[in-house]
Each structure stands twice: as C-alpha cells, then as structure tokens.
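Enquirer: Have a look at the structure that comes next, please.
The values are calculated or read from the model by the stated rules, or taken from the named source; none is laboratory data. All values derive from a computational prediction rather than experimental measurement. Note that each Cβ is placed from the backbone with ideal geometry, even for glycine, and that neighbours are counted across all protein chains shown.
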Amino acid sequence: MKPKTIIITLIVIFVIGFLLVLSYQKSSSSAASVQGVASTGAKSALTASSTFYDFGTISMKNGDVHQDFTFTNQTASDITINNVQSSCMCTSALLVLPDGSTKGPFGMPGMGGMTATNDTVKAGETRTVRVTYDPNAHGPAGVGAIDRFVTVTDTSGASLQFEIKAVVTP
C-alpha cells in the first residue's frame, strides 16, 4: 500500500470514530431528557400510597394501557396544582376531579400537549391521575423496556412523580 493511501484510510477511520462517539453522546443526553421530567427537587405535601406501576409485558397490538394513581392533600391548607406533565409524547395523563369529571389530557411540555392546570386540592381532598401509555407511539422502534413519568407540580414548585414501566412487544 502507498503511504498516501494509508494516511487517507487512517483519517477516514478517525472521522468515522469521532462521529460515532459524538452520535452516542447525543443519543445518551436526549434519552435522559425523555426519561425524566425536570423538577425543583422539593417534595410535595401531596401524598400517594403508590407512585409506581409495572404493566409487565404489553403488546402493541392491544393498544393503550391505563393506570390510576390517587393522591391526597393531608395538610390543613389548600394546595393548588400548577401543572401536570409527562416525560414522553407516548404518555398522557388526566386529572380526575371529585365529581368524576376530568381535566386534560396533559402531556409532554413543548409537544403541543396541555400541561397547565389550575386545580385546587382542598385540605383532606383526594385526586386521581389517570396515566395512559400508548405502545404504538414510537412505532416499531418502540419495542423493548420503557420507563415513563408523570409529574404533578404545585404552585410552590414542589412535585409528586408517578412512574410506569413495561416491556413492549409487537
């Protein structure tokens, strides 16, 4: 092989390697932004007996799955919920009010879904967040393990986070 050919081959290999590393770093950071919803870190005064649900194995052909999470204001003061948001476009939430009516659907910020709500949870009152996951939202690339979040944030910036998991099959 000629020295010029060797140098060109090494440069091409270096550029491809550099692009692969750059691509990996971008995909890692974007995956992290999809997995969790930013919060202030302050724990909400709203309490829930359960904040996690594992659907187990679900099939794309069976469509959406739902899980209700109930939370209560156990303080002596009213708490106003500022927003409800999901960590991914494939996940949405409804806020179920005491009379059975709903607000929402709430979704991922910046993706055309509603996140703002101005709902007051009176002292001792309970609300339900109905989380819906659409296994078809990501198409064939959406097969495998998922981990999604719905975050309820009050006007003080404190939040309560609900998590769902599943393994999606075709």
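Enquirer: Within the set of pairs 6+ apart or on separate chains, which have a first residue in the range 76-94 that is in the same structural domain as residue 163 (by TED's automatic domain parsing), a second that is assigned to a loop (DSSP other than H, G, I, E, B) and of a type in the set (Val, Ile, Thr), and C-beta atoms under 6 Å apart?
Expert: Partner pairs satisfying both residue conditions: 80/155; 82/155; 83/115; 85/37; 85/115; 87/37.
Enquirer: Considering the range 12-63 alone, what residues qualify as being modelled with pLDDT of 95 or more, within 15 Å of residue 147 (Cα to Cα) and surrounded by 11 or more Cβ atoms within 10 Å (Cβ to Cβ)?
Expert: Result: 51, 52, 53, 54, 55, 58.
Enquirer: Go through the range 75-111 and give me each residue that's in a loop (DSSP other than H, G, I, E, B) and under 23 Å from residue 168 (Cβ atoms).
Expert: Within the range 75-111, 87, 88, 89, 90, 107, 108, 111 qualify.
Enquirer: Another question about this same structure. Quick check: is even one residue across the range 114-121 surrounded by 18 or more Cβ atoms within 10 Å (Cβ to Cβ), under 17 Å from the mean Cα position of the chain (by Cα), assigned by TED's automatic domain parsing to the domain that holds residue 64 and part of a strand (DSSP E or B)?
Expert: The answer is no; no qualifying residue exists.
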